[in-house]
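The values are calculated or read from the model by the stated rules, or taken from the named source; none is laboratory data. These numbers come from a predicted model, not from an experiment. Here the Cβ is made from the backbone with ideal geometry for all residues, glycine too, and neighbour counts use every protein chain on show. For the accessible areas, the whole protein counts, side chains as well, though only heavy atoms, and no ligand, DNA or RNA atoms are used. Shrake-Rupley method; radii C 1.70, N 1.55, O 1.52, S 1.80 Å.
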Amino acid sequence: MNVTDLIRPNFIQLTPYSSARDEYSGKEGTFLDANENPFLSVTGEAFNRYPDPYQWACKVRLSEIKGVAPKQIFLGNGSDEAIDLLIRITCQPKRDNILILPPTYGMYKVCADIQEIFIQEAPLTADFEIDLDAVFDAVNSATKIIWICSPNNPSGNLVQREAVLQLLKAFPHKMVVVDEAYIDFSSQPSFISELPHYPNLVVIQTFSKAWGMAGLRIGAAYAHAAIIQILNKVKYPYNINQLTQAKLLESLENEAKKEAYVKEILELREHLAGQLKTMEIVEKIFPSDSNMLLVRFKKAKELFGFLLESKIIVRDRTNVVLCKDCLRITVGTIEENEQLVENIRAFENIK
Ligand SMILES: *Cc1c(COP(=O)(O)O)cnc(C)c1O
């Protein structure tokens with residue numbers, strides 16, 4: 001398969017904006033090419049120069065950690081940027097569609113709606129696994145992306161690896177995106193290791209969850225270099241700012257800290273699940289491979305309102321397909337989880 005078969009023809013031909021930093025990428029020199037302020041920033045800091053448009057230092061370091069070539073990495077302003085751009089580079093508005101597997105992360109549909117790209121849906125099974133028959137039924141000739149979220153949000157579970165592999169094999173001319181925002185919390189390996197076998201595979205990860213960098217906005221897409229090249233053409237030239245690039249580099253030297261956080265959060269999750277399990281109001285706790293628990297409650301909506309009054313904010317998923325009476329709970333600190341549990345007990349006592 002030719003990777004460019006996946007891409008909208010106008011983006012293959014597109015001549016991207018050529019920034020000053022594209023034309024000369026050396027570090028040393030007298031820079032009179034970008035109309036920057038030659039002094040410092042007005043804050044006294046050194047933000048007066050444009051940042052590296054391709055975040056090369058970050059990618060070189062990240063490539064060592066992830067075991068892929070730097071040219072197979074795209075960095076975005078959150079993985080939300082990657083989601084938006086992947087739809088943009090593959091789908092023609094008012095003609096093409098992406099296939100999503102509800103219940104899943106809301107941004108896929110929002111990005112598609114914004115771009116006037118159609119949505120095909122193949123709901124997950126009741127235990128949130130891929131329904132292969134439903135996928136085969138829903139895919140059509142205008143489908144450009146099959147979108148899988150694993151571990152899935154809001155259900156929290158990893159989907160069966162074998163089902164994803166089957167889709168990669170069955171649809172070599174469609175892009176298969178695996179959103180691994182929560183992969184750090186899972187015991188299973190990332191699909192990044194499958195990239196050499198499937199040129200149609202794109203893996204998305206983020207620094208917003210396990211790495212604790214949500215406020216800085218950094219996400220990554222890993223794919224065949226030809227796909228990354230197109231993403232680079234279409235993105236804003238300086239999509240990752242200098243401060244974020246510096247903090248990302250710093251964070252990559254602290255992978256052990258991320259691992260320690262993951263270990264702690266998983267212990268806290270098990271503890272919280274253990275407490276919830278004993279409660280009369282809890283009907284089901286869905287298996288989780290992430291830092292969230294999807295929980296089915298009796299009187300879920302009422303409980304949600306009650307918690308909100310105590311300023312305990314969980315995510316109301318009661319109106320989401322297959323998530324009837326479910327709240328999604330992010331694992332917090334020991335104190336936060338205790339507060340939650342105490343308030344659920346208080347709700348039980350008055351109801
Ligand atoms: C949180 C989340 C993201 C993350 O987005 P960022 O833009 O990187 O913060 C992506 N996908 C899923 C499924 C998520 O839950």
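Summary of values
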item: In the range 193-208, the residues that are farther than 13 Å from LEU168 by Cα and either more than 16 Å from the ligand (Cβ to nearest atom) or among the aliphatic types (A, V, I, L, M) (or both); result: SER193, ILE204
item: Subset tally (residues that are of a type in the set (A, V, I, L, M, F, W, C) and either within 16 Å of the ligand (Cβ to nearest atom) or on the phi > 0 side of the Ramachandran plot (or both)) for the range 128-151; result: 7
item: Selected residue (criterion: nearest to PRO102 (Cα to Cα)) from residues of the range 300-337 that are open to solvent by 80 Å² or more (accessible area, probe 1.4 Å) and either in contact with a Phe, Trp or Tyr (Cβ under 8 Å, 6 or more places away or on another chain) or in a helix (DSSP H, G or I) (or both); result: LYS301
item: Qualifying residues in the range 209-238 (those that are under 30 Å from THR43 (Cβ atoms) and open to solvent by less than 20 Å² (accessible area, probe 1.4 Å)) - the one nearest to the ligand (Cβ to nearest atom); result: GLY219
item: Members of the range 107-127 found to be open to solvent by less than 30 Å² (accessible area, probe 1.4 Å), more than 13 Å from the ligand (Cβ to nearest atom) and closer than 23 Å to CYS326 by Cβ, listed by number; result: ALA122, LEU124
item: Residues located in the range 152-174, provided they are in contact with a strand residue (DSSP E or B) (Cβ under 9 Å, 6 or more places away or on another chain) and within 16 Å of the ligand (Cβ to nearest atom); result: ASN152, ASN153, PRO154, SER155, GLY156, ASN157, VAL159, VAL164
item: Number of positions in the range 257-296 that are over 21 Å from TYR105 (Cα atoms), open to solvent by less than 40 Å² (accessible area, probe 1.4 Å) and in contact with a Lys or Arg (Cβ under 9 Å, 6 or more places away or on another chain); result: 3
item: Test set (1) open to solvent by 30 Å² or more (accessible area, probe 1.4 Å); (2) assigned to a loop (DSSP other than H, G, I, E, B) - VAL159 fails condition number; result: (1)
item: Criterion (closer than 30 Å to ASP137 by Cα, within 15 Å of the ligand (Cβ to nearest atom) and of a type in the set (S, T, N, Q)) met by exactly one of THR104, THR90; result: THR104
item: Residue in the range 52-78 that is farthest from the chain's Cα centre (by Cα), counting only those that are away from the ligand (no atom under 16 Å from the Cβ) and outside any helix (DSSP H, G or I); result: ASP52
item: Filtered residues of the range 239-256 (kept if surrounded by fewer than 16 Cβ atoms within 10 Å (Cβ to Cβ), closer than 18 Å to ALA210 by Cβ and among the aliphatic types (A, V, I, L, M)); result: LEU249, ALA256
item: Boolean, PRO16 is surrounded by 16 or more Cβ atoms within 10 Å (Cβ to Cβ), over 18 Å from the mean Cα position of the chain (by Cα) and either in contact (Cβ under 8 Å) with a residue 60 or more places away in the chain or assigned to a loop (DSSP other than H, G, I, E, B) (or both); result: no
item: Any hit, the range 133-149, residues being of a type in the set (Val, Ile, Thr), at pLDDT 95 or above, assigned to a helix (DSSP H, G or I) and surrounded by 15 or more Cβ atoms within 10 Å (Cβ to Cβ); result: yes
item: Per-region count, the range 180-192, residues part of a loop (DSSP other than H, G, I, E, B) and within 12 Å of the ligand (Cβ to nearest atom); result: 3
item: Any chance PRO103 is touching a residue at least 60 places away in the same chain (Cβ under 8 Å), over 26 Å from GLY26 (Cβ atoms), touching a Cys at 6+ places or on another chain (Cβ under 7 Å) and not in a helix (DSSP H, G or I); result: yes
item: Search result, residues across the range 211-248 that are over 26 Å from PHE11 (Cβ atoms) and not in a loop (DSSP other than H, G, I, E, B); result: ALA214, GLY215, LEU216, GLN242, LEU243, ALA246, LYS247, LEU248
item: Any pair with Cβ under 7 angstrom, 6 or more apart, that starts in the range 201-223 at a residue that is at positive phi and without any contact (Cβ under 8 Å) to a residue 24 or more places away in the chain and ends at one that is near the ligand (Cβ under 9 Å from one of its atoms) and of a type in the set (Asp, Glu); result: none
item: Some residue of the range 19-33 being open to solvent by less than 50 Å² (accessible area, probe 1.4 Å), at pLDDT 95 or above and in a loop (DSSP other than H, G, I, E, B); result: no
item: Qualifying residue in the range 309-316 (condition: at pLDDT 95 or above and closer than 30 Å to CYS91 by Cβ); result: yes
